[in-house]
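Accompanying notes for the structure given below.
The values are calculated or read from the model by the stated rules, or taken from the named source; none is laboratory data. Model, not experiment: these values are computed from the prediction. Every residue, glycine as well, gets a Cβ built from its backbone with ideal geometry; the counts of neighbours run over all protein chains shown. Calculation scope for accessible area: heavy atoms of the full protein, side chains included, ligands and nucleic acids excluded. Shrake-Rupley method; radii C 1.70, N 1.55, O 1.52, S 1.80 Å.
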Amino acid sequence: MKIKTLTKSYDEVMAIQPPKHFKPMKTNLFWQTLIKIISAPALISSHFTHKKIGMEKLGKNEPALILMNHAGFTDFEIAYSVLYPRKFNTVAAFETFMGLDWIMKPIGCFSTRKYITEPQLIRDIKHCLVNNKSSVLMFPEAVYTLDGTCVTLPASLAKLIKLLQVPLCMLRTNGVYLHVPAYGYVVNRDVPIHAELRYVLSPDDIKQMSVQEIQEVIDREFSFDDFRWQKENNIVVDEPFRADGLHKILYKCPHCQQEGKMESSGIHLTCTACGKKWELTELGYLKALEGETYFDHVPDWYKWERQCVRQEILDGSYGFDVPCDIMMIVDTKALYKVGSGRLSHNMEEGFHLTGCDGKLDYRQSSDSMYTCEAIPYWYQIDDVIGMGDHRALYYAFPTEQKEVVGKVKLATEEIFKIITEQKKAKNLERKA
């Protein structure tokens with residue numbers, strides 16, 4: 001999927017009036033049927049199957065909060081197929097409305113900005129449940145999973161469920177990530193997709209449970225691993241390009257410890273620094289062509305990189321400062337190219353984006369972001385790091401040291417965890 005881009009100066013972009021807020025529209029059967037029909041060919045070609053568990057507990061017109069894991073655009077097509085003909089509104093990222101207002105609003109989508117506190121989002125969700133008498137579909141991970149496992153979830157999710165006290169359902173998929181993995185986003189793989197829609201908690205359950213107990217339920221529901229699912233179900237992915245792009249997330253060599261020297265092509269992942277080479281097998285596990293494999297499971301390699309990043313943060317060696325091209329979103333008309341600059345990141349200062357001939361100077365603190373948008377080949381443009389506030393969204397495309405895109409998401413999450421741990425420790429000290 002591509003996105004419309006325009007070249008403007010930073011001043012011109014900042015002069016654009018942001019779009020006015022709109023209340024989520026009521027959905028109707030015409031639009032739902034249309035999207036279901038449009039989605040059918042893609043689902044048929046992916047051998048899509050699904051099942052429903054316990055959904056008889058949910059009344060025909062009873063609004064519910066429906067959470068869904070997020071692995072690719074196919075998720076949207078799945079939702080409109082599985083939930084049909086139930087009325088539902090969908091929480092969608094602001095940038096997904098780009099040039100698509102005319103269709104996104106009538107099919108029930110309403111926008112939010114990722115990773116920032118938006119009280120309006122809660123009001124919009126309540127409007128859907130109470131006024132529209134519609135269920136709400138939400139992708140709490142906000143971005144596609146990079147390694148086929150759950151993306152970091154906001155700590156406020158359990159509190160939101162407790163506040164709303166409507167039935168909680170889970171729409172979970174397997175195979176979407178393997179079909180269109182985020183590291184090799186453009187080319188589809190021939191992988192069967194399966195979905196399960198399940199009734200999880202009733203309003204009475206939610207009322208009686210603590211926030212911590214609800215959080216435990218969420219953690220269990222979002223415990224998935226597509227690579228493990230592939231192995232356990234003997235799913236063969238035999239495309240000769242199945243490893244293309246894998247170095248975007250597996251950026252550090254476990255053999256020589258070098259970063260940014262990994263390359264992937266065809267079915268192989270190679271470290272150009274030491275020559276170590278792995279094959280991504282048809283069943284989704286890694287196998288070294290010579291010597292020790294180190295990690296045969298992609299998520300284990302990714303988890304090891306996370307541990308390495310955390311250690312760098314703790315010993316004070318983490319940080320980067322790279323040149324980048326800069327784009328911005330301030331409305332739903334286009335992605336604006338505004339020039340070039342530099343992006344830096346560390347624990348003390350968070351993100352610092354400068355550029356556009358000295359006119360842009362944006363900062364985002366470490367304690368304001370529990371994760372960040374760091375995506376390979378974003379909208380078929382390039383590897384990107386995104387951030388922003390209510391006024392504008394900023395997208396930095398590093399022109400050097402592109403491995404920072406694979407690393408910064410892990411670093412942002414671990415920095416936030418460390419800050420949270422430090423705050424808890426200080427509170428315990430005060431109480432003692």
Among the residues listed as Lys26, Lys133, Lys52, the single one being at positive phi, in contact (Cβ under 8 Å) with a residue 60 or more places away in the chain and over 18 Å from the mean Cα position of the chain (by Cα): Lys133
Qualifying positions in the range 236-288 - among the basic types (Lys, Arg), farther than 16 Å from Gly406 by Cβ and not in a strand (DSSP E or B): Arg242, Lys276
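This table checks each residue for (1) hydrophobic (A, V, I, L, M, F, W, C); (2) in contact with an Asp or Glu (Cβ under 9 Å, 6 or more places away or on another chain); (3) within 19 Å of Leu146 (Cα to Cα).
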{"residue": "Glu196", "(1), (2), (3)": "no, no, no"}
{"residue": "Ser202", "(1), (2), (3)": "no, no, no"}
{"residue": "Glu216", "(1), (2), (3)": "no, no, no"}
{"residue": "Ser223", "(1), (2), (3)": "no, no, yes"}
{"residue": "Lys248", "(1), (2), (3)": "no, yes, yes"}
{"residue": "Lys252", "(1), (2), (3)": "no, yes, yes"}
{"residue": "His255", "(1), (2), (3)": "no, yes, no"}
{"residue": "Glu259", "(1), (2), (3)": "no, yes, yes"}
Which listed residue is among the hydrophobic types (A, V, I, L, M, F, W, C) and in contact with a strand residue (DSSP E or B) (Cβ under 6 Å, 6 or more places away or on another chain), from Phe416, Phe397: Phe397
Out of Glu348, Glu429, Glu403, Glu373, sole residue that is of a type outside the set (Gly, Ala, Ser) and within 25 Å of Gln17 (Cα to Cα): Glu373
Residues located in the range 232-243, provided they are open to solvent by less than 60 Å² (accessible area, probe 1.4 Å), out of contact with any Lys or Arg (no Cβ under 6 Å at 6 or more places or on another chain) and not small (Gly, Ala, Ser): Ile235, Phe241, Arg242
Selected residue (only one of Ser46, Ser9 is modelled with pLDDT of 95 or more and farther than 21 Å from Phe88 by Cβ): Ser9
Complete set of residues in the range 244-274 that are free of Cβ contacts under 8 Å to residues at least 24 places away in the same chain, farther than 16 Å from Glu305 by Cβ and open to solvent by less than 40 Å² (accessible area, probe 1.4 Å): Thr270
Test result for Glu312, in a strand (DSSP E or B), of a type in the set (Asp, Glu), within 30 Å of Ser223 (Cβ to Cβ) and open to solvent by 20 Å² or more (accessible area, probe 1.4 Å): no
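Listed here are the residues, each with its yes/no results for (1) of a type in the set (A, V, I, L, M); (2) closer than 23 Å to Pro167 by Cα; (3) assigned to a strand (DSSP E or B); (4) open to solvent by 10 Å² or more (accessible area, probe 1.4 Å).
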{"position": "Thr90", "(1), (2), (3), (4)": "no, yes, yes, no"}
{"position": "Ile107", "(1), (2), (3), (4)": "yes, yes, no, no"}
{"position": "Ile116", "(1), (2), (3), (4)": "yes, no, no, yes"}
{"position": "Gln120", "(1), (2), (3), (4)": "no, yes, no, yes"}
{"position": "Asp124", "(1), (2), (3), (4)": "no, yes, no, no"}
{"position": "Val130", "(1), (2), (3), (4)": "yes, yes, no, yes"}
Asp325 being surrounded by fewer than 20 Cβ atoms within 10 Å (Cβ to Cβ), assigned to a loop (DSSP other than H, G, I, E, B) and within 25 Å of the chain's Cα centre (by Cα): no
Scope the range 222-231; condition of a type outside the set (Asp, Glu), surrounded by fewer than 21 Cβ atoms within 10 Å (Cβ to Cβ) and within 18 Å of the chain's Cα centre (by Cα); matching residues: Phe222, Ser223, Phe224
The one condition in (1) out of contact with any Ser or Thr (no Cβ under 9 Å at 6 or more places or on another chain); (2) of a type outside the set (Val, Ile, Thr); (3) farther than 29 Å from Arg123 by Cα that Phe48 fails to fulfil: (1)
Flag if Glu56 is at pLDDT 95 or above and open to solvent by 40 Å² or more (accessible area, probe 1.4 Å): yes
Residues that are of a type in the set (D, E, K, R) and in contact with a Ser or Thr (Cβ under 9 Å, 6 or more places away or on another chain), drawn from the range 250-295: Lys261, Glu263, Lys276, Lys277, Lys287
Top-ranked residue of the range 287-299 - restricted to ones that are open to solvent by less than 60 Å² (accessible area, probe 1.4 Å) and either touching a residue at least 24 places away in the same chain (Cβ under 8 Å) or within 24 Å of the chain's Cα centre (by Cα) (or both), ranked as nearest to Gln258 (Cα to Cα): Phe295
Exclusive hit being open to solvent by 70 Å² or more (accessible area, probe 1.4 Å), modelled with pLDDT of 95 or more and of a type in the set (A, V, I, L, M, F, W, C), set Ile66, Ile78, Ile37: Ile37
Positions within the range 148-188 being among the charged types (D, E, K, R) and in contact with a Leu (Cβ under 9 Å, 6 or more places away or on another chain), in sequence order: Arg172
Residue within the range 6-22 that is more than 20 Å from Tyr394 (Cα to Cα), of a type outside the set (S, T, N, Q) and open to solvent by less than 30 Å² (accessible area, probe 1.4 Å) present: no
